[in-house]
1. Can you tell me which residue in the range 207-229 is modelled with the lowest pLDDT, limited to those that are of a type in the set (A, V, I, L, M) and over 21 Å from the mean Cα position of the chain (by Cα)?
2. So if I check each of LYS232, LYS190, which one is over 20 Å from GLY133 (Cβ atoms), modelled with pLDDT of 95 or more and surrounded by 15 or more Cβ atoms within 10 Å (Cβ to Cβ)?
3. Check THR206, THR201, THR253 and return the single one that is part of a loop (DSSP other than H, G, I, E, B), among the hydroxyl-bearing types (Ser, Thr, Tyr) and surrounded by fewer than 22 Cβ atoms within 10 Å (Cβ to Cβ).
4. From the list LEU238, LEU141, LEU147, which residue is in a helix (DSSP H, G or I), within 27 Å of LYS258 (Cβ to Cβ), touching a helix residue (DSSP H, G or I) at 6+ places or on another chain (Cβ under 6 Å) and not basic (Lys, Arg)?
5. Would it be correct to say that VAL167 is on the phi < 0 side of the Ramachandran plot and in a strand (DSSP E or B)?
6. Out of the strands (runs of 3 or more DSSP E) lying entirely within the range 1-90, which hold 3 or more residues that are over 18 Å from the mean Cα position of the chain (by Cα), surrounded by 14 or more Cβ atoms within 10 Å (Cβ to Cβ) and not charged (D, E, K, R)?
7. With respect to THR178, is the statement that it is outside the structural domain of VAL310 (by TED's automatic domain parsing), touching a residue at least 12 places away in the same chain (Cβ under 8 Å) and in a helix (DSSP H, G or I) true?
8. Are there any pairs, at least 6 apart or on different chains, whose C-beta atoms fall under 7 Å, with the first in the range 219-246 and under 23 Å from HIS314 (Cα atoms) and basic (Lys, Arg) and the second at pLDDT 95 or above and surrounded by 16 or more Cβ atoms within 10 Å (Cβ to Cβ), and if so, which?
Amino acid sequence: MQAITSRTYGAPEVVRLEEVATPVPKNHEVLIRNYATVVSGAESTARSGADPFARLYFGLTRPRFPILGTTFAGEIQAIGDAVTKYQVGDQVMGSVGPTLGAHAEYVTTSEDGIIATTPVVLPPTDAVAILDGALTALPFLRDAAALKAGQTILINGASGAVGTAAVQLAKHFGAVVTAVCSTANLDLVKSLGADKVIDYTTEDFTDAAHAYDVVFDAVGKSSYTRSRKILKPAGIYLTTVPTIPVLVWTLLTPLLGKTRAGIVFTGLRKPPAIAADVQFMGDLAASGYFVPVIDKTYRLNEAASAHAHVESGHKKGSVVISLDSPVLPR
């Protein structure tokens, strides 16, 4: 099979399209013909090796997981002898988790892993775009923030994969949403339901006169110390980027202050919990209450260009790679 690999750390040019052995499912595993996947910031971090903290997991001197990619959407081609939950021909979507491997034509995963049935109305490219940001945004808003109807939330980085998911999920939970993005993405974010949009090129959202129940930094470009002045009493600042300051504030603020800081390591949750979120997001999108945002779709042999686009920092929503899907990509 063909797979996108990164066997050394570096710029997008280190990405290669290789012929590798097709995996064989074990007793409780399924083999999936993968039709679509995404290139996210996580894949960019894993490939570049620029983050020393990331190297502690991905490999100190070279990548531990040469086949990149987390999310998949495709059709089950074979099942292990002990599989009972799925059959050959089932359409499925999900994630292989932090061990990567989804940037390939075939993927294996446990039937008890991060996998769910794909709603019939969702093409594979939409399915992976839905999961790209939502599997991060959902536990932050629903679990860490306990976001409720009528509460106010500010979302920084509202035009990226996590941000576009967060805007839609916050509105689904009934919150009043203020979204922060660049001038070029104002209309996009408004179309997703944001009640107010702040253009960060002309206004510093931390200088706002309004206070919020939740500040969610989907891109890690702010800080608790800058944002706490716009939090209501008992409000919470959440960020997707782990840094030493936010980890310290996460421990201290419940003891010392009226406002809190927090972070969620979404990829470390138990597979059944993440699989339930996959099913939830699929059903939400199939019902028309969540819209996938796809910036651009690439082919397998364009993987380096896809990585370069993600690394530019200017993508809107998700960057998708189509692997000869039977449904035409966007």
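The values are calculated or read from the model by the stated rules, or taken from the named source; none is laboratory data. In this text the structure is predicted, and so the values were computed from the model without any measurement. When we count neighbours, we look across all protein chains shown, and the Cβ atoms used for this are built from the backbone with ideal geometry, even at glycine.
1. The first filter runs over the range 207-229 and keeps only residues of a type in the set (A, V, I, L, M), leaving 208-209, 211, 214-215, 218-219.
In the following step, the residues that additionally are over 21 Å from the mean Cα position of the chain (by Cα) were identified as 208-209, 211.
Numbers: ALA208: 77, ALA209: 81, ALA211: 95.
For the range 207-229, the residue satisfying everything is ALA208.
2. On the way: LYS190 fails: over 20 Å from GLY133 (Cβ atoms).
Within the list LYS232, LYS190, the selection yields LYS232.
3. On the way: THR206 fails: part of a loop (DSSP other than H, G, I, E, B); THR253 fails: part of a loop (DSSP other than H, G, I, E, B).
On inspection, the qualifying residue turns out to be THR201.
4. Values: LEU238 fails: in a helix (DSSP H, G or I); LEU147 fails: in a helix (DSSP H, G or I).
Answer to the selection: LEU141.
5. Numbers: on the phi < 0 side of the Ramachandran plot: yes; in a strand (DSSP E or B): no.
Here the answer is no, as VAL167 does not meet what is asked.
6. Details: elements: 2-5, 16-19, 29-39, 71-79.
Per the criteria, 2-5, 29-39, 71-79.
7. On the way: outside the structural domain of VAL310 (by TED's automatic domain parsing): yes; touching a residue at least 12 places away in the same chain (Cβ under 8 Å): yes; in a helix (DSSP H, G or I): no.
In short, no.
8. If the second residue must be at pLDDT 95 or above and surrounded by 16 or more Cβ atoms within 10 Å (Cβ to Cβ), the pairs left are LYS221/ASN156; LYS221/GLY157.
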